[in-house]
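Take a look at the structure set out below.
The values are calculated or read from the model by the stated rules, or taken from the named source; none is laboratory data. Every value quoted in this text rests on a predicted model; they were computed, and no experiment measured them. For neighbour counting, all protein chains shown are included, and Cβ atoms are generated from backbone atoms with ideal geometry for every residue, glycine included.
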């Protein structure tokens with residue numbers, strides 16, 4: 001199964017590099033540069049994860065996240081930024097972000113990709129097989 005990510009990032013070079021790295025790992029990436037475009041796609045699409053920058057044109061990432069949560073309160077969101085204002089970070093935690101990834105010159109691209117992949121598939125194949133084996137054979141017939 002192929003995962004689809006919504007990348008909300010206004011820095012073109014940063015977005016292009018991350019998008020290419022994720023796509024090289026078999027992950028579909030939709031990329032937008034502002035919060036309103038993200039909202040429009042969330043209304044239409046089915047994303048497994050949103051990678052959200054906080055410094056965006058038009059509306060900030062935390063403002064966009066408030067609106068995203070009204071559309072889809074369960075979608076996984078990871079914040080991808082260098083911005084670390086404590087009140088904003090508290091607001092993001094209250095809105096239920098699944099993680100925080102630093103970006104910039106000191107960030108390791110492949111570490112970022114690995115962290116994102118782990119969020120998309122938190123189980124190893126062995127763990128997934130064990131979980132499926134523990135489900136009674138007739139459990140799905142009741143659905």
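The figures follow:
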| read-out | value |
| --- | --- |
| Output for segment 20-36, where each listed residue is assigned to a helix (DSSP H, G or I) and either buried (at least 19 other Cβ atoms within 10 Å of the Cβ) or free of Cβ contacts under 8 Å to residues at least 12 places away in the same chain (or both) | 20, 22, 23, 24, 35 |
| Any chance residue 5 is in contact with a strand residue (DSSP E or B) (Cβ under 6 Å, 6 or more places away or on another chain) and touching a residue at least 24 places away in the same chain (Cβ under 8 Å) | yes |
| Extreme residue, farthest from the chain's Cα centre (by Cα), among residues of segment 8-18 that are without any contact (Cβ under 8 Å) to a residue 60 or more places away in the chain and surrounded by 19 or more Cβ atoms within 10 Å (Cβ to Cβ) | 15 |
| Inter-residue pairs, beta-carbon under 9 Å, first under 20 Å from residue 7 (Cβ atoms) and in segment 117-130, second modelled with pLDDT of 75 or more and assigned to a helix (DSSP H, G or I), 6+ apart | 117/22 |
| Residues (exposed (fewer than 15 other Cβ atoms within 10 Å of the Cβ), in a helix (DSSP H, G or I) and in contact (Cβ under 8 Å) with a residue 12 or more places away in the chain) located in segment 70-88 | 71 |
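Here's the yes/no breakdown for (1) under 9 Å from the mean Cα position of the chain (by Cα); (2) at pLDDT below 90:
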| site | (1), (2) |
| --- | --- |
| 49 | yes, no |
| 52 | yes, no |
| 57 | no, no |
| 61 | no, yes |
| 81 | no, yes |
